[in-house]
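See below for the structure under consideration.
The values are calculated or read from the model by the stated rules, or taken from the named source; none is laboratory data. The model shown is predicted, which means the values in this text are computed figures rather than measured ones. Here the Cβ positions follow ideal geometry from the backbone for every residue, glycine too, while neighbour counts run over all protein chains shown. All accessible areas refer to the heavy atoms of the entire protein, side chains included, with ligands and DNA or RNA removed. Shrake-Rupley method; radii C 1.70, N 1.55, O 1.52, S 1.80 Å.
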Amino acid sequence: MLRRHLVQAASLTAIALALPLAAQAQDNTFKIGMILPMTGQSASTGRQIEAAAKLYMAQHGDTVAGKKVQLIVKDDTGLPDVTKRIAQEMVVNDKVNVLAGFGLTPLALAVAPIATQSKTPEIVMAAATSSITQASPYIVRSSFTLPQAAVAMGDWAPKNGIKSVVTLVADYGPGNDAEKFFAERFELNGGKVIEKLRVPLRNPDFAPFLQKVRDAKPDALFVFVPSGAGAAVMKQFLERGMDKAGIKMIGTGDVTDDDQLNDMGDGALGVVTSHHYSTAHPSAMNKKFVTDFQAANKNMRPNFMAVGGYDGMRIIYEALKTTKGQGGGDALLAAMKGQVFESPRGPVLIDAQTRDITQDIYLRKVEKKDGQLYNIEFDVIKSVKDPGKSK
């Protein structure tokens, strides 16, 4: 243990010593080091965020405040040790001005000490555990938090005939948040949580857990799984005839991920979720975003990971404009705090105190439109702060 701490201390000292060199080498290039899971279980997250970042650059140019913006994308395969090593190399060798991406909570947390030590803003475009922004004063989030989405469903379900629920979540930070905040709000509103089930994050097998749910016979199953795993849950839910047994599926929007929704088939029709973004969001800005994204990516639909990447780039670009490329990481960070803008998802604010995102949360139902499945919004809760930080 001591040896590991000494190695970590040495690596962070190396970063600190490299900073003056980094400052000298900045010249007229502004480097964004994007670390994403491009292979492995969370590859769809990396694919979506990279595509959105490149779209933003294509739309807004690669020169900002006299600086040439360079996007450096590296694959961390979804493993925290790899994420950390890449971040160290990017800060010391590539001399990046900003670190960005982070497809899962453990990956974002692995880089937090490096962001703090090197004073490099870390833009979390995907990972959604509430506590992430508290791990470093240099973390800014452009995605969402699970408590934001879960509380909305905890309010909706008991008002719509759902009195008993089993929760099924991936067993890591955001899953634990989803379980806690949904269950607390659902029970506060008079509902009963019969059982709380947690599935391993790596190589999950949902079958034995879903059999437990079937045996418990709740009114509904509340689900959170990371982006990319929703189709597997839906397939096994339908294979077990749980819909025919009268068990509804509800959850946060990850389970009816826009990227996978059409592959789930008509069995997904009627599933209600709460989330901050849908491909079908009816604003003019989102319609343009979806059209441009699909045109640039062989008709791939943008999902909530894409909008986190797109808005993360917007936050970086606007901060660079404000600072005119001067003042380093602290100046950039200050220019990111308090940004208010219209996103494809709707109006958002980067809270100056928490560096987290405040945004609208939508209730949506899977419906068929023009022969395709969409998450169609039917209600909205305006300007939701992260409930995990409002206590």
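List of remarks:
- Taking a ≥ b ≥ c as the square roots of the eigenvalues of the Cα gyration tensor, an a/c ratio of 1.5 or more together with a/b no larger than b/c marks segment 20-107 as oblate.
- The Cα trace of the chain gives Rg and Dmax of 20.8, 66 Å, the first to one decimal, the second as a whole number.
- Net charge over other residues, Cβ less than 12 angstrom from the Cβ of Ile114 (K, R count +1; D, E count -1): +1
- Accessible area expressed per residue, the chain, with surrounding protein chains retained (probe 1.4 Å, Å²): 39
- Segment 169-270 shape via C-alpha gyration tensor axes, a/c threshold 1.5: rounded
- Taking segment 279-391 and dividing mean pair separation by its residue count, relative contact order in percent (alpha carbons under 8 Å, at least six apart): 20
- Segment 91-146 shape via C-alpha gyration tensor axes, a/c threshold 1.5: prolate
- Net charge over other residues, Cβ less than 10 angstrom from the Cβ of Ala229 (K, R count +1; D, E count -1): -2
- Taking the longest Cα principal axis of the chain as reference, the axis of helix 284-296 is set at about 80 degrees.
- Once Rg and the Kirkwood radius are both taken over the C-alpha atoms of segment 52-101, their ratio Rg/Rh works out to 1.03.
- With the convex hull drawn around the C-alpha atoms of segment 276-326, the volume per residue stands at 94 Å³.
- Within the listed set Asn262, Asn28, Asn97, the residue fluctuating most in the Gaussian network model of the chain (springs between alpha-carbon atoms under 10 angstrom) is Asn28.
- Cross-link pairs beyond the 19 Å C-alpha cut-off, checked among Lys31/Lys68; Lys31/Lys298; Lys68/Lys287; Lys74/Lys337; Lys287/Lys321; Lys54/Lys288: Lys31/Lys298; Lys68/Lys287; Lys74/Lys337; Lys287/Lys321
- Protein accessible area in segment 296-364, 1.4 Å probe - carbon and sulfur %: 52
- Of the chymotrypsin sites (Phe, Trp or Tyr not before Pro) in segment 137-183, those whose Cβ has at most 13 other Cβ within 10 Å and which sit in DSSP loop: none
- Sequence ranges 281-292, 213-224, ranked by mean other-Cβ count within 10 angstrom, highest first: 213-224, 281-292
- Helix 2-25 vs. the chain, principal-axis angle (Cα, 0 to 90°, nearest 10): 60
- Here the relative contact order of the chain, from alpha carbon pairs under 8 Å that lie six or more residues apart, stands at 17 percent.
- Gap separating the Cα centres of segment 214-276 and segment 127-185, nearest whole Å: 17
- Share antiparallel - DSSP beta bridges, the chain, percent rounded to 5: 40
- Cα-based Rg of segment 81-121 normalised by 2.2 N^0.38 Å, two decimals: 1.01
- Degrees, to the nearest 10: 80-89 long Cα axis against longest axis of the chain: 20
- In summary, the aspartates and glutamates within cross-link reach of Lys324, defined as a Cα separation below 15 angstrom excluding same-chain residues under 8 places away, comprise Asp27, Asp62.
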